[in-house]
1. Residue check, P251 against (1) in contact with a strand residue (DSSP E or B) (Cβ under 9 Å, 6 or more places away or on another chain); (2) over 22 Å from D45 (Cα atoms); (3) assigned to a loop (DSSP other than H, G, I, E, B), all met but one. Which one?
2. Please tell me if A211 is more than 16 Å from the ligand (Cβ to nearest atom) and touching a Lys or Arg at 6+ places or on another chain (Cβ under 6 Å).
3. List the residue pairs whose Cβ atoms are under 6 Å apart, where the first residue sits in the stretch 221-245 and is under 18 Å from A197 (Cβ atoms), the second is among the small types (G, A, S) and away from the ligand (no atom under 11 Å from the Cβ), and the two are 6 or more positions apart or on different chains.
4. Out of all the residues in the stretch 6-50, which are outside any strand (DSSP E or B), in contact with a helix residue (DSSP H, G or I) (Cβ under 9 Å, 6 or more places away or on another chain) and more than 16 Å from the ligand (Cβ to nearest atom)?
5. What's the number of the condition P256 fails, among (1) of a type outside the set (A, V, I, L, M); (2) within 16 Å of the ligand (Cβ to nearest atom); (3) crowded, with 21+ Cβ neighbours inside 10 Å?
6. Residue under question is A295, and the condition is that it be within 16 Å of the ligand (Cβ to nearest atom), surrounded by fewer than 21 Cβ atoms within 10 Å (Cβ to Cβ) and in a helix (DSSP H, G or I); does it hold?
7. Which residues, counting only those in the stretch 142-183, are out of contact with any Lys or Arg (no Cβ under 8 Å at 6 or more places or on another chain), of a type in the set (D, E) and in a loop (DSSP other than H, G, I, E, B)?
Amino acid sequence: MFKALVVEKNEEGKTSAAVQELSEDRLPEGEVMVAVDYSTVNYKDGLCIGPGGGLVRNYPHVPGIDFAGTVEASDDPRYNAGDKVVLTGWRVGEAHWGGYAQKARVKADWLVPLPDGLDARQAMAVGTAGFTAMLAVMALEDHGIKDGPVLVTGAAGGVGSVATAILANLGYEVAAVTGRPETADYMKSLGATQIVAREELNETTKRPLEAEMWGGCVDAVGGEMLARVLGQMKYGASVSAVGLAGGAGLPATVIPFLLRGVNLLGIDSVMQPYDNRVRAWARIAKDLPMDKLEAMIQPATLSDLPELGRGILKGQVKGRVVVDVNG
Ligand code: NDP
């Protein structure tokens, strides 16, 4: 038997989430059985735990879009009992039972070995949000980061915190956009040199181009803020568009693309091929200072998840929640 957070849907279509004891034969099919050590809370998890079930495709369901743990048994020659592994993406926690459990059974293709230099807890302090932040930074590097500060929006959140720490550690000047002025000291401790108030970028302007300010941008917010930022990018600079915490619409014009050669780069962490995942995790182990990662961690257990799920949807979570599923 093992413990898991199970989301159920009743006959009226109402969902509820509670910790339950389950037997292993309830787990979905997969080649690898993993004893999960840690999982995390991402924005998508908030949707899946919350009312209506968000992105959940089947009930009852165990959410948790990422986890790190130890292989218990494997029918795939790439993995052996005792191997340390990490999983992000592949609709785990949405269509396939995920990491909010002490056990998970998954396809071998979805796993990557834990990189040297990271333990399971640190890997989940990074989690999907941090993995995505690394992909966003790598995409900016591929297209060339211009002189001037790199802007990070939604900076006190999961993606934003990790992106700030990585960029600062790589030697870039980081301007962190936050709607929570009380997080300024935290953002500076991660390496931000400039704090930009969210309201400054939420004010709409009719001007499609403004002064050139940013050498690159990791954007976790989307919506009006992204539209505004596009008009402030330096000539030829790139924006890695990661999220939509501030809205899915994009009320922008084509002018920044036509007159400033701005690149808008879409970042998808879900379907990343194996080699890219290994490359990104190796970069995380190398380029993310572990003391800064520690400063982002908010510890939690399975029973804390319903409340944390509500909190992340309201933009109230700071940094990264690390869920000790055995705690
Ligand atoms: P968090 O909730 O941890 O962070 C989001 C941050 O955005 C908040 O902390 C807040 O930062 C800011 N924010 C929230 N609401 C608004 C608003 N209405 N207007 C402006 N800013 C707002 O979430 P994550 O960092 O985990 O994820 C961020 C986004 O990235 C989500 O949309 C998520 O779905 C997406 N994502 C996408 C992935 C991909 O593969 N493309 C993978 C992982 C996440 P502050 O308080 O500092 O202003």
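The values are calculated or read from the model by the stated rules, or taken from the named source; none is laboratory data. On a predicted model such as this, the values are computed, not experimentally measured, just so you know. Counting neighbours? That spans all protein chains shown, and the Cβs are built from the backbone with ideal geometry, glycine included.
1. Evaluating P251 over (1) in contact with a strand residue (DSSP E or B) (Cβ under 9 Å, 6 or more places away or on another chain); (2) over 22 Å from D45 (Cα atoms); (3) assigned to a loop (DSSP other than H, G, I, E, B) leaves (1) as the failure.
2. Numbers: more than 16 Å from the ligand (Cβ to nearest atom): yes; touching a Lys or Arg at 6+ places or on another chain (Cβ under 6 Å): no.
In short, no.
3. Between residues of the stretch 221-245 that are under 18 Å from A197 (Cβ atoms) and residues that are among the small types (G, A, S) and away from the ligand (no atom under 11 Å from the Cβ), the close pairs are G223/G249; A227/A252.
4. Just the residues of the stretch 6-50 that are outside any strand (DSSP E or B), to begin with: 10-14, 23-31, 41-50.
From the residues that got through so far, the ones that are in contact with a helix residue (DSSP H, G or I) (Cβ under 9 Å, 6 or more places away or on another chain) too are 30-31, 41-50.
Scanning the stretch 6-50 gives G30, E31.
5. For P256, the failing item is (2).
6. On the way: within 16 Å of the ligand (Cβ to nearest atom): yes; surrounded by fewer than 21 Cβ atoms within 10 Å (Cβ to Cβ): yes; in a helix (DSSP H, G or I): yes.
Yes, satisfied.
7. Within the stretch 142-183, E173 is the sole residue that qualifies.
Residue-by-condition table, conditions (1) closer than 23 Å to G30 by Cβ; (2) aromatic (F, W, Y); (3) part of a loop (DSSP other than H, G, I, E, B); (4) out of contact with any strand residue (DSSP E or B) (no Cβ under 7 Å at 6 or more places or on another chain):
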{"position": "G117", "(1), (2), (3), (4)": "no, no, yes, yes"}
{"position": "A123", "(1), (2), (3), (4)": "yes, no, no, no"}
{"position": "A129", "(1), (2), (3), (4)": "no, no, no, no"}
{"position": "M134", "(1), (2), (3), (4)": "no, no, no, yes"}
{"position": "L140", "(1), (2), (3), (4)": "no, no, no, no"}
